[in-house]
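Below you'll find the structure, written out as structure tokens, and then a few comments.
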Amino acid sequence: MKILYQAAFCLVSSATFAETLDCHPELDADRPQYIIGYGSLMERASKRATEPDAGENLPVIVAGFERSWSIPGVYPTTFLGVLPVEGAEMAAAIYRSFPEDGVLSSDAREIDYCRAAVDPASVTMLDGSSLAEESQIWVYTNKPDKIADPSADFPIVQSYVDIFITGCLDMQTLVADPAVDFVEKCVRTTQGWSEHWVNDRIYPRRPFKYQPRAFEIDKALKALLPNLYPMVRIE
């Protein structure tokens, strides 16, 4: 995985990061602002904790970006991150954001990430709606010094997986084509699933209450990752 991350990161021009030292480009106030949520922002409650007035999450496929377990956290855990990778795609959510004084509230939340522009042409809406061509779309990507594989010291944690998969389950209900399994697409378009994965659902490493959709989430993960999910240990 480390080789993959290094190769993928080479596709990110260092000049792009140098153009904005805090890697949060200025917004165009005359254009509608949208955020691609691919981890905790996919869950409505988690998103609204940061931006209560944000628009509804809608299911999308985003081309040119790869999601992976690659961000070491402070709990300690490993979170989901994204890098631009040619030929990659990910199942995600998109929602309208309403900046205040030219600032997106999610920038403060995603302080360990950079906000990168997404070409509207690379976004496929799965609910049957469409985006205005003038939309300005953003996704939060890994910072250069924030890329690492899951490890015994920084594992994937179930409390965070629960939020991610809950968002995928919510989006499934909005997909127009009944043949599209959005939850499967979420799992399949996420790289870096690892044996370094702990079940902290009862005593979360992150401050979340008990997960009420645990059975539904487990059912999806057991079906989609049959060789790996049974190895998750109780913490």
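Each part reduced to its alpha carbon centroid, region 53-73 and region 180-232 end up 17 Å apart. Among beta bridges identified by DSSP and lying wholly in the chain, the antiparallel ones come to about 75 percent.
Placing dummy labels 7 Å off each Cα toward the beta-carbon, the span from residue 173 to residue 125 is 2.0 nm.
Taken about its Cα centre, region 106-235 carries a charge dipole of roughly 480 debye when the Cβ of each Lys and Arg holds +1 and the Cβ of each Asp and Glu holds -1. Sorting 43, 56, 100 by solvent-accessible area of protein heavy atoms yields 100, 56, 43, largest first, with a 1.4 Å probe. Between 0 and 90 degrees, the angle of helix 214-224 with respect to the longest Cα principal axis of the chain falls at about 90 degrees. Rounded to the nearest Hz, the phi-derived 3J(HN,Hα) couplings of region 88-97 under the Karplus curve 6.51 cos²θ - 1.76 cosθ + 1.60 (θ = phi - 60°) are 8, 8, 8, 7, 8, 10, 10, 8, 6, 10, where x marks glycine and proline.
Normalised by the number of residues in the chain, the mean separation of alpha-carbon contacts (under 8 Å, six or more apart) gives a relative contact order of 25 percent. The helix-based estimate of mean residue ellipticity at 222 nm for the chain, built from -39,500 (n - 2.57) per DSSP H run of four or more residues and divided by its residue count, is -7000 deg cm²/dmol to the nearest 500. A simple rule links phi to the HN-Hα coupling: the Karplus curve 6.51 cos²θ - 1.76 cosθ + 1.60 with θ = phi - 60°, which for region 106-120 gives 5, 4, 5, 5, 9, 5, 8, 10, 9, 9, 10, 6, 10, 5, x Hz, with x for Gly and Pro. Take the Cβ atoms of residue 112 and residue 153, set R0 to 22 Å, and the FRET efficiency comes out at 0.80. Computed in the context of the full set of protein chains, the accessible area of the chain at 1.4 Å probe radius has 55% of its extent on carbon or sulfur. For the chain, the solvent-accessible area of protein heavy atoms averages 48 Å² per residue (probe radius 1.4 Å; ligands and nucleic acids excluded). The slack between residue 227 and residue 180, meaning 0.36 nm per residue of separation minus the straight C-alpha distance, is 14.6 nm.
The calculated FRET efficiency for the pair residue 30 and residue 74, based on their C-beta separation and a Förster distance of 30 Å, comes to about 0.20.
Taking all protein chains together and a 1.4 Å probe, the residues 154, 79 rank 154, 79 from largest to smallest accessible area.
The residues neighbouring residue 218, those whose beta-carbon lies less than 10 Å from its own, together hold a net charge of +2 under the Lys/Arg +1, Asp/Glu -1 convention.
The values are calculated or read from the model by the stated rules, or taken from the named source; none is laboratory data. Note that the structure is a prediction, hence the values are computed from the model and not measured. All Cβ positions, glycine included, derive from the backbone under ideal geometry; neighbour counts span all protein chains shown. Remember, those area values only see protein heavy atoms, side chains included, never the ligands or the DNA or RNA. Shrake-Rupley method; radii C 1.70, N 1.55, O 1.52, S 1.80 Å.
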